[in-house]
Amino acid sequence: MAWHYETFCFLLFLPYISCECIKEVYENMAFQGGDLYTVFAPNVEHCQTACTFDPQCLLFTYLPGTSRTESERFACLMKDSENGTLPSVILEGAISGYSQKQCNTKVNDCNTELYTGIDMIGTNYNLTTAMNVDHCQQKCTDDRHCLFFTYVTDKFHSKPLRNTCYFKYTLKGTPTKIRALTNVVSGFSLKPCGRSTAGCTSDIFQEFEFSGDDITSVFSPDIHTCQIGRAH
């Protein structure tokens with residue numbers, strides 16, 4: 001991927017972060033070197049989450065949808081470093097930051113946000129009609145293989161495609177590309193949020209104990225809170 005750097009640059013001496021939590025992101029700055037691979041993300045928050053969940057990624061640079069080169073738009077460059085940081089240069093529009101692996105706050109991959117005006121590209125392995133984008137997202141969530149989706153609204157220029165919900169899948173779980181497209185909405189499956197209703201068994205059995213190995217134990221104010229996994 002070709003980056004378009006300014007003709008001048010300067011090094012930023014950012015903290016050594018191998019054991020330090022750094023939540024800040026740095027605008028108009030790109031890390032040099034340490035490239036692992038590139039994924040595509042709808043915003044910088046999703047890029048940082050992808051880096052955090054990747055076992056090798058320590059740093060990232062995100063190129064938003066306003067980048068000058070189409071192939072660079074929405075690109076999330078995952079990076080590694082032996083000493084925990086990398087030299088950096090000025091790059092207008094770029095946003096860089098660090099993995100949150102070292103932070104005490106819990107990071108999860110539940111993403112309920114909807115992204116208007118972008119098409120997240122992957123393998124379109126199924127499509128269906130949906131009343132609205134929320135209906136499309138729930139259908140994706142209930143589908144066994146759907147990881148993310150794109151919904152075509154009723155204002156889309158091609159009438160036959162309106163209200164179509166495209167189920168999408170990739171091996172890495174992230175889009176292979178993202179492009180701007182008017183009158184579509186994209187988002188992710190809510191399976192990580194525990195919102196799938198497919199094969200859902202909500203029965204509660206009194207005076208009954210399941211056999212098997214215990215994973216852990218937590219304290220919960222009532223049976224219903226325990227069931228949905230919000231105990232502390």
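The values are calculated or read from the model by the stated rules, or taken from the named source; none is laboratory data. Keep in mind that this is a model prediction, so the values were computed, not measured. No Cβ is skipped: glycine too gets one built from the backbone with ideal geometry, and neighbour counts run over all protein chains shown. What goes into the accessible areas is simple: the full protein's heavy atoms, side chains included, and nothing from ligands, DNA or RNA. Shrake-Rupley method; radii C 1.70, N 1.55, O 1.52, S 1.80 Å.
Quick one: how many lysine pairs in the chain have C-alpha atoms under 23 angstrom apart, if they're 8 or more apart or on different chains?
23
Amide H of Asp109: which non-local residues (sequence gap of 5 or more, or other chain) have their own amide H closer than 5 Å, using H built in the peptide plane?
Residues meeting the criterion, in which the H sits 1.01 Å from N, do not exist here.
With every protein chain left in place, what is the accessible area per residue of segment 140-191 in square angstrom, probe 1.4 Å? Spell out each step's value before the answer.
Working: 2590 Å² over 52 residues.
Computed with neighbouring chains in place, this is 50 Å² per residue.
With labels modelled as points extended 7 Å from the Cα through the Cβ direction, what inter-label distance (nm, one decimal) is found for Phe219 paired with Met131?
Calculated label separation equals 4.3 nm.
To the nearest Å, what is the center-to-center distance of segment 35-55 and segment 62-96, using C-alpha atoms only?
Distance between centres, Cα-based: 11 Å.
Along the charge dipole of segment 89-232, Cβ charges K/R +1 and D/E -1, which of Asn183, Thr197, Asn111 sits furthest on the positive end?
Of the candidates, Asn183 comes out farthest on the positive side.
Under the 0.36 nm per residue contour assumption, what length would be gained going from the current alpha-carbon distance of Ile90 and Glu27 to full extension? Don't jump to the answer; show the numbers that get you there.
Numbers: separation 63, 0.36 × 63 = 22.68 nm, distance 0.90 nm.
Answer, rounded to one decimal: 21.8 nm.
Considering only protein heavy atoms and a probe of 1.4 Å, how much of the accessible area of the chain is carbon and sulfur, as a whole percent?
52
What relative contact order, as a whole-number percentage, does the chain give when Cα pairs under 8 Å and 6 or more residues apart are counted?
Details: 462 pairs, mean separation 47.2, N = 232.
Relative CO of the chain lands at 20 percent.
Return the label of the correct value of mean projected area of the Cα convex hull in nm², as calculated from the structure shown, out of (1) 14.2; (2) 16.3; (3) 17.0.
Computing mean projected area of the Cα convex hull in nm² and matching it to (1) 14.2; (2) 16.3; (3) 17.0 gives (2).
Could you give the angle, 0 to 90 degrees to the nearest 10, between helix 133-142's Cα long axis and the longest principal axis of the Cα atoms of the chain?
Taking Cα atoms only, the helix is inclined about 70 degrees.
With a 10 Å radius around each residue's Cβ, average the other Cβ atoms per peptide and rank 176-182, 138-144, highest first.
Result, highest mean Cβ count within 10 Å first: 138-144, 176-182.
Rounded to the nearest 20 debye, what is the charge dipole size of segment 145-217 about its Cα centre when +1 sits on each Lys and Arg Cβ and -1 on each Asp and Glu Cβ?
Computed about the Cα centre, the dipole is about 1080 debye.
Quick one: 3J(HN,Hα) in Hz for segment 44-57, Karplus 6.51/-1.76/1.60 with θ = phi - 60°, rounded, Gly and Pro as x.
My calculation for segment 44-57 gives 5, 4, 5, 4, 5, 5, 4, 5, 4, 7, 7, x, 9, 6 Hz in order.
What list of ³J(HN,Hα) values in whole Hz, one per residue of segment 110-124 in order, does the Karplus curve 6.51 cos²θ - 1.76 cosθ + 1.60 (θ = phi - 60°) give from phi, with Gly and Pro shown as x?
Ordered by residue, 3J(HN,Hα) equals 7, 10, 8, 5, 10, 10, 7, x, 10, 10, 8, 8, x, 7, 7 Hz.
Under a point-charge model restricted to the Cβ atoms of Lys and Arg (+1) and Asp and Glu (-1), what is the dipole moment magnitude of the chain relative to its Cα centre, in debye to the nearest 20?
Computed charge dipole of the chain: roughly 860 debye.
Find which of Ala50, Phe210, Leu91 sits farthest along the positive direction of the dipole of the chain, computed with +1 on the beta-carbon of Lys and Arg, -1 on that of Asp and Glu, about the Cα centre.
Going by the Cα projections, it comes out as Leu91.
Using modelled amide H (1.01 Å from N, peptide plane; none on Pro or chain starts), what sits under 5 Å from the amide H of Thr150, excluding residues fewer than 5 places away?
Tyr166
Return the long-range amide H neighbours of Glu92 (sequence gap of 5 or more, or a different chain), with a cut-off of under 5 Å between placed amide H atoms.
Under 5 Å from the amide H of Glu92 lie the amide H atoms of Glu6, each far enough along the sequence or on another chain.
Residue by residue, what Karplus-based ³J(HN,Hα) values in Hz, rounded to whole numbers, does segment 64-70 have, using 6.51, -1.76 and 1.60 with θ = phi - 60° and x for Gly and Pro?
With the stated coefficients, segment 64-70 comes to x, x, 8, 4, 5, 9, 4 Hz.
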